[in-house]
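Working notes for the structure below.
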Amino acid sequence: MSHSHAQTAAYDEMDPHGFQGKSHGDHVIVDWRILLGVLLALLFFTALTTTFATLEQWVAGEFAIHIPHWVNVVGALSIAVIKASLVCMFFMQLRYDKPLNTMIFLFCLLAFGIFLGLTSLDLGKRDAIYGFKKGTIKPGGDAQSVTLTGGKADIGPRYETTMGKSMVEFARQRYIDRYNAMGVDGEAKWAAEMAHHLAGHKHGQAGAELPDANRSFSRVGVTPHLYDEHDPVAVRALEHLRSGGHGPAGELPAGESSSSGH
Amino acid sequence: MTTIQTKSGRKQARWENYQHEAHWRSAADEFDAAKLGMWLFLTTEVLLFAGIFCAYAMFRMLYPEAFAIGSGYLDVKFGLLNTVVLLISSFTVAMAVRCAQKNQQFWLRTNLYITLVCAGLFLLIKFLFEYTPKWSGYFFFLDPTLGHYEKSGQTALWGMFHFVEGYGGKRPGAFFDYPFAQHYAEPLWWAVYYGGTAIHALHVVIGAGLLTWVLVRSYKGIYGPKNYTMVETSGLYWHLVDLVWIFLFPLLYLIH
């Protein structure tokens, strides 16, 4: 192609609408100081959101001041949105790019919003037209027995069914049974470990503290249904704790302990 | 082969006489189209993660206690560390694009190397300190003597992993085997946790693979001011990985 400059300015048959001149040379080279500044801002917001969440935990645990739950959610997600915008605008260069890319991305987020909105609308309002559908979204489902049909799960001893228990109860029952088989009172062992767990989150064997790396923080705040009728073993464990470790936890035989169903 | 011989005798890097494909009007059009295509692909990636975020939102709505307890099992320290690692790698990728645009070949490669190290660190932290203990109950210890953990006895991999009774089994769905769960929906929390973080980790692996490819090609002198399309589009993919983690971190580790 050997157009002279004058020809190109008048009419270019390869570029009849004159797009070429505009799109040429508008690739921005972002200044490294801007990139570094964005990185520092991102690190600052990360520190901010983590400090905020940790402080909230600490204040609740130390002084029993419970900051409303939505503050935590709204605060953390607002900071996440700010961080994401920074990454999109500067690192992904949407700020310097053609607006088409930004529009595509925003339409995608709109689709996400519709997706999320309609799903929550369904879960929240499924019984608004047909009342009988209310039961189908009952929290917890039926929490009943799980039977594996597509092969066996590769988890130690091969079980094909949870024998009428929920997964959580079944896991607990296997722990208790394992200790019973060793000649230890499984249920008492479980209750003691559970108390240990609830007290200081030092899981496992007494004396063998977990490395700092995997110690979970003490949970505070509202968790209303923790020890309700779904969880007969945990209810007795709590009674066991309240009575100073000499309660009814160890009295029932392990087999009966959590088979009462729902 | 970083250079090629031209007729005039001057040695040129391969990016210097980059020719756009014949069906494009210009290299600029080719670049814009490639970038547009990458953005379209990224939207499908966002929608993939949208499914996971949607599951998180819905199950959290139904079982807030299980999610509060589940979040309590995670260590903010490791989430924070991984966030910092990913943010730094995102910065180095942005710098790599800049270096390609300015023909700073050494710094282009250096930035890509730093990014790959960050990707490796992210996966290492994830698997060694988060997945393995929660899944199996085996902890990784840097302390070679293991003196104060001797009570539990069981070790794996030449004593590097040490078993702690009653900690593992925090697995999703039918694989759940944690005896001290406090809520019947905890297996569901673990399904969301592993679903979200493992698909994200897969994206880290794919992104690192793309950037390795870019790095190998950069040694051939392919990237420079006239041709940096692949650096830019691979970089966009890496930024998306960072973007997803920016939301996963507060949702899984901070909100309770």
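Modelled spin labels at A:Phe115 and B:Phe141, positioned 7 Å past Cα toward Cβ, are 4.4 nm from each other. For the pair B:Ile199 and B:Val216, the difference between a 0.36 nm per residue extended length and the Cα-Cα distance amounts to 3.5 nm. Helix B:105-124 and the longest principal axis of the C-alpha atoms of chain B enclose an angle of approximately 20°. Quick check: from the Cα gyration tensor, does segment A:79-119 come out rounded (a/c under 1.5), prolate or oblate? Taking the square roots of the gyration eigenvalues as a ≥ b ≥ c, segment A:79-119 is oblate.
Between the Cα long axis of helix B:229-249 and the first principal axis of chain B there is an angle of about 20°, rounded to the nearest 10.
Label zone of A:Val71 (point 7 Å out along Cα→Cβ, amide N under 18 Å): in segment B:218-256 this covers B:254-256.
Give me the dipole magnitude in Debye, nearest 20, for segment B:1-129 about the Cα centre, with unit charges on the beta carbon: positive for Lys and Arg, negative for Asp and Glu.
620
Local charge for A:Asp31 was computed over the other residues whose Cβ lies under 13 Å away, with Lys and Arg +1 and Asp and Glu -1, and equals +4. In chain B, helices alone account for a calculated mean residue ellipticity at 222 nm of -20500 deg cm²/dmol, with every DSSP H run of four or more residues adding -39,500 (n - 2.57). Would you please give the FRET efficiency between B:Ala57 and B:Val84, computed as 1/(1 + (r/R0)^6) with r the Cβ-Cβ distance and R0 = 30 Å, to the nearest 0.05? Efficiency computed from Cβ-Cβ geometry: 0.70.
Hey, rough spin-label estimate for A:Leu40 and B:Gln154, points 7 angstrom out along Cα→Cβ, what's it come to in nanometres? Result: 5.0 nm between the two label points.
Dipole magnitude for chain B: about 1120 debye, using +1 per Lys or Arg Cβ and -1 per Asp or Glu Cβ, origin at the Cα centre.
Could you work out the equivalent-ellipsoid semi-axes for chain B, taking the square root of 5 times each eigenvalue of the Cα gyration tensor, largest first, in whole Å?
Working: eigenvalues 389, 106, 30 Å².
Calculated on Cα positions only, the semi-axes equal 44, 23, 12 Å.
Normalised by 2.2 N^0.38 Å, where N counts its residues, the alpha-carbon radius of gyration of segment B:66-142 equals 1.45.
Other residues whose C-beta falls under 12 angstrom from the C-beta of A:Leu42 contribute a net charge of 0, scoring Lys and Arg +1 and Asp and Glu -1.
Computed over segment B:25-166, the Cα gyration tensor eigenvalues convert (square root of 5λ each) into semi-axes of 40, 25, 11 Å, ordered from largest to smallest. Length available on full extension from A:Val59 to A:Asp127: 0.36 nm per residue minus the Cα-Cα distance, which gives 20.5 nm. Grab the beta carbon distance between A:Lys98 and A:Asp177, set R0 = 56 Å, and tell me the FRET efficiency rounded to 0.05. E between A:Lys98 and A:Asp177, to the nearest 0.05, is 0.30.
Considering only Cα-Cα distances, which of the following residue pairs are longer than 18 Å: A:Lys83/B:Lys102; B:Lys35/B:Lys220; B:Lys77/B:Lys134; A:Lys98/B:Lys102; A:Lys83/B:Lys35?
Beyond 18 Å: A:Lys83/B:Lys102; B:Lys35/B:Lys220; A:Lys98/B:Lys102; A:Lys83/B:Lys35.
Placing unit charges on each Cβ (+1 for Lys and Arg, -1 for Asp and Glu) gives segment B:36-190 a dipole about its Cα centre, and among B:Val85, B:Ile69, B:Leu36 the Cα reaching farthest toward its positive end belongs to B:Leu36. Rounded to the nearest 10 degrees, the angle from helix B:76-101 to the longest Cα principal axis of chain B is 0 degrees. Distance between the 7 Å Cα→Cβ label points at B:Gln19 and B:Thr44: 3.1 nm. Of the whole protein surface, B:Val241 contributes about 0 Å² of accessible area at a 1.4 Å probe radius. With a 1.4 Å probe on protein heavy atoms only, work out how much accessible surface B and A bury together, total over both chains, in Å² to the nearest 100. Rounded to the nearest hundred, the buried surface is 8100 Å².
The values are calculated or read from the model by the stated rules, or taken from the named source; none is laboratory data. Here the structure is a predicted model, which is why all the values come from computation and not from measurement. We place every Cβ from the backbone using ideal geometry, glycine too, and count neighbours over all the protein chains shown. Heavy atoms of the whole protein, side chains included, go into the accessibility calculation; ligands, DNA and RNA do not. Shrake-Rupley method; radii C 1.70, N 1.55, O 1.52, S 1.80 Å.
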